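Structure, as structure tokens:
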Amino acid sequence: MDSIALKFSIEEYQKIKEYYSSYSTGEVGEYLDFVAVLEGATIRGYVSKKAKRSVVFSGPNGHIEASKWGEVTLENKKKEEKIHIVDFGEQIGSDEVGVGDFYLPMIVVAAYMNSHQYQRLKELGVTDSKKLSDKKIRELGPILIKEFKFSKLTLPNEKYNEMISKGENLNSLKAKMHNRALNNLHKEYIDVIAIYVDQFVSEERYYSYLNKKDEPILKGISFKTKGESRFPSVAIASVIARYYFLLEKDKLEAKYGLEFPFGAGKKADEFKKILLDKVGQEEFDKLVKQNFKNYSN
């Protein structure tokens, strides 16, 4: 998978940072200025010691996002490090989908796998859901939910808006959902010590979001980016989450007789008027994530 690095002026960089602000994870580092996660693309902004600004676009749809801001050439494409599975044993892992989608809900799934089940995963060809076609996801989903233990949480957009209005943010909601899904499985497999989360914020930030007094906090988690390529349990969770995500899309389309777009890009903006005309403002407000820029565009 390629990543694309582009350099920008201060003005251009600020425009890009603002554009992706709705998708920001809040993660920062010494030179890392922002991280934004969309469906199929991760955007990272960097500011060097000399105040030079660059943005790296990665993921299956990284080239699409990069092409919005500059010319994509062989020179600014870099091959990403090849990542291998590092744990084949008993484990629990979690992943999410719908974070960057204006119309579709957030779903978090935690999945359990033991060492004897890994061969079955290889036979099925289970990898990160972003690397699989929707057709393949629909084939694998029913098999995985039958053969593997998992916990699924769905946050409808109406509930998402309610939580945001109470002071939550995208990452705090994700952290709470991951924690609950992982806890649900860990109660059943109490002896499992290998627990993985596809990292979206730092470990410290993740635990800072878990502030509900009545909610047990699962400790001992390993946080790794590209977790679906390192840990089979996260790959299972990734595919199951995407499968249920597609089913949610099917339900919306059956109910409203319209084809709902993924993401929050140009197609989502174009679809906005169609949906508004069909259902009216009150119903529309329940169907979308109101803190996305699409809502006020």
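The values are calculated or read from the model by the stated rules, or taken from the named source; none is laboratory data. Computed from a predicted structure; not experimentally measured. Please note: Cβ atoms are built from the backbone with ideal geometry, for glycine as well, and neighbour counts cover all protein chains shown.
So, of the residues in the range 99-113 that are assigned to a loop (DSSP other than H, G, I, E, B) and modelled with pLDDT of 90 or more, which turns out to be nearest to residue 175 (Cα to Cα)? In this case the residue turns out to be 105. For the range 114-172, enumerate the residues that are of a type in the set (Phe, Trp, Tyr) and assigned to a helix (DSSP H, G or I). Correct list: 118, 160.
Of all residues in the range 243-270, those that are within 22 Å of the chain's Cα centre (by Cα) and at pLDDT below 95 total 9.
Among the residues of the range 69-98, which ones are outside any loop (DSSP other than H, G, I, E, B) and either at pLDDT 90 or above or buried (at least 21 other Cβ atoms within 10 Å of the Cβ) (or both)?
91, 92, 93, 94, 95, 96, 97
Scanning the range 179-202 for residues that are farther than 14 Å from residue 94 by Cβ, at pLDDT below 90 and either surrounded by 16 or more Cβ atoms within 10 Å (Cβ to Cβ) or touching an Asp or Glu at 6+ places or on another chain (Cβ under 8 Å) (or both) turns up at least one hit.
Of the residues 151, 133, the single one that is without any contact (Cβ under 8 Å) to a residue 60 or more places away in the chain and surrounded by 20 or more Cβ atoms within 10 Å (Cβ to Cβ) is 151.
Residue-wise test of (1) outside the structural domain of residue 170 (by TED's automatic domain parsing); (2) not hydrophobic (A, V, I, L, M, F, W, C).
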position	(1), (2)
228	no, yes
236	no, no
264	yes, no
270	yes, yes
283	yes, yes
294	yes, yes
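Restricting attention to the range 42-68, the residues being over 15 Å from residue 10 (Cβ atoms) and surrounded by 16 or more Cβ atoms within 10 Å (Cβ to Cβ) number 13.
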